[in-house]
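Shown next, in structure tokens, is the structure this report addresses.
The values are calculated or read from the model by the stated rules, or taken from the named source; none is laboratory data. Here the structure is a predicted model, which is why all the values come from computation and not from measurement. Glycine gets a Cβ as well: all are built from the backbone with ideal geometry, and neighbour counts include every protein chain shown.
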Amino acid sequence: MNTPDIDVRVCEVGLRDGLQALSHFFPTEEKIAWLRAEFEAGMTEIEVTSFVPPKLVPQFADAQPLVAAATAIPGLTVVALTPNLKGAERGFELGVHKLNYVLSVSRTHNLKNVRREREESLADFARIAEAARRQPRKPWLVGGLSSALGCSYEGPIALDEVLNWGVALAEAGADELMIADTVGYANPALVRRTFKALMDAVAPLPVSAHFHDTRGLGLANVLAALDCGVRRFEASLGGLGGCQFAPGATGNIVMEDLCFLLDSMGMRTGVDLDRLVRVREIIARNLPGQALFGGLARAGLPPLYIPAARRGAVHNQLTSTTP
Ligand code: COA
Ligand code: ZN
């Protein structure tokens, strides 16, 4: 892969995926401190909450003040998850820029997660797309394909199923599709096969990736997706994450390590790695005892490391002084 001059979009999902399964309520002011600090470290896209019934997931009872604080930050793309039209309507009202919709390719996971058949989820997405077009500022709609690379209830998922539901979401009005390895079942060969086939089927629609690192293959899967041309990835700081409706799901891929992987290969993310690692302190002070993962935080940057954004300039300087 020829890597220089490639921009890769990374989106922090720790405030949603990372917190949704925790019983401890992360104080609203501290969530705001987290997203501000991460934005200041160069993270320009953050999934800040989920529009689900507070009775079901009390962690997101503060969606309104959180979205208000996030949309007040110029330059930040504010993302939120929604499982249905009712959640999307809250998103329209609050002015989120991007809505991540979830449809699980696994029928069983869809029933457990959103309590309905996949056909009903698809029909609801079509209603969301129609309603979105009527908004004065239409949010970007991501059709998320959960449990697309394996499921803790159903095991392997057939590629045809991923393609059928992906194409259906595209036809219903998605601006982007996302393949999610909800329980960390994938491997690079499966990632390559699935992303290639879906990207061919829905081109030129962008397809993004959401990987969990349950079995340690998260970053290997990122590389496989990069090879296919994927340029948008979700991840969470410290690898927080999990889904209470998908047994065995653990954390997302670690954002700091993802950014280091991309940066060290010369790809631009816009993120300052040292500042990003320091944002973990906000999580640590609010979730004492919670395991935070990541090699970059443990080892630090390599000595004399030059970030990708400065490497071009340094390279030019070196070559111009070479006789
Ligand atoms: N936001 C707030 N309230 C909502 C809502 C939303 N997005 N969707 C439904 N509700 C309310 C309804 O108004 C109703 O309220 P009432 O009891 O006061 O009348 C109640 O919730 C039940 O509504 P219903 O449409 O019957 O939902 P349900 O009980 O079948 O649950 C979901 C369906 C999708 C709302 C629920 O399964 C869910 O939130 N799942 C998401 C799980 C999740 O977060 N997974 C992890 C991320 S992938
Ligand atoms: Zn996830």
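Hand me the list of helices (runs of 4 or more DSSP H) wholly inside region 144-254 holding 3 or more residues that are in contact (Cβ under 8 Å) with a residue 24 or more places away in the chain, in contact with a helix residue (DSSP H, G or I) (Cβ under 9 Å, 6 or more places away or on another chain) and within 16 Å of ligand 2 (Cβ to nearest atom).
The helices (runs of 4 or more DSSP H) meeting that bar are 218-228.
Could you tell me whether V277 is in contact with a Gly (Cβ under 9 Å, 6 or more places away or on another chain), more than 19 Å from R16 (Cβ to Cβ) and of a type in the set (A, V, I, L, M, F, W, C)?
yes
Rundown of residues vs (1) modelled with pLDDT under 95; (2) more than 28 Å from K31 (Cβ to Cβ); (3) small (G, A, S), yes/no style:
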position: A72; (1), (2), (3): no, no, yes
position: T77; (1), (2), (3): no, no, no
position: P83; (1), (2), (3): no, no, no
position: A88; (1), (2), (3): no, no, yes
position: N100; (1), (2), (3): no, no, no
position: T108; (1), (2), (3): no, yes, no
position: E117; (1), (2), (3): no, yes, no
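Select from region 40-50 the residues that are surrounded by 19 or more Cβ atoms within 10 Å (Cβ to Cβ), closer than 18 Å to K98 by Cβ and more than 16 Å from ligand 2 (Cβ to nearest atom) and list them in ascending order.
Selection gives M43 alone.
Please work out which residue is surrounded by the fewest Cβ atoms within 10 Å (Cβ to Cβ), limiting yourself to region 281-323 and to residues that are modelled with pLDDT under 85 and in a loop (DSSP other than H, G, I, E, B).
Looking at residues that are modelled with pLDDT under 85 and in a loop (DSSP other than H, G, I, E, B), I get P323.
For region 67-83, give me the residue count where each residue is of a type outside the set (V, I, T), crowded, with 21+ Cβ neighbours inside 10 Å and away from ligand 2 (no atom under 16 Å from the Cβ).
Matching residues across region 67-83 total 1.
For a quick check of your reading of the model, give me the residue pairs whose first member lies in region 73-86 and is assigned to a loop (DSSP other than H, G, I, E, B), whose second is among the aromatic types (F, W, Y) and surrounded by fewer than 21 Cβ atoms within 10 Å (Cβ to Cβ), with beta-carbon atoms closer than 9 Å and at least 6 apart or on different chains.
Listed pairs, sorted by first residue: I73/F39; G75/F39; L76/F39.
Suppose we keep only residues that are over 18 Å from V162 (Cβ atoms) and not in a helix (DSSP H, G or I) within region 103-125. Which one would you say is farthest from ligand 1 (Cβ to nearest atom)?
This residue is R116.
So that you can scan it fast, the table gives a plain yes or no per residue for (1) within 11 Å of ligand 1 (Cβ to nearest atom); (2) at pLDDT below 95; (3) more than 23 Å from V207 (Cβ to Cβ):
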{"site": "N2", "(1), (2), (3)": "no, yes, no"}
{"site": "A21", "(1), (2), (3)": "yes, yes, yes"}
{"site": "T49", "(1), (2), (3)": "yes, no, yes"}
{"site": "P53", "(1), (2), (3)": "yes, no, yes"}
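Which of the following residues is more than 15 Å from G18 (Cβ to Cβ), of a type outside the set (S, T, Y) and free of Cβ contacts under 8 Å to residues at least 40 places away in the same chain: L304, L296?
L304
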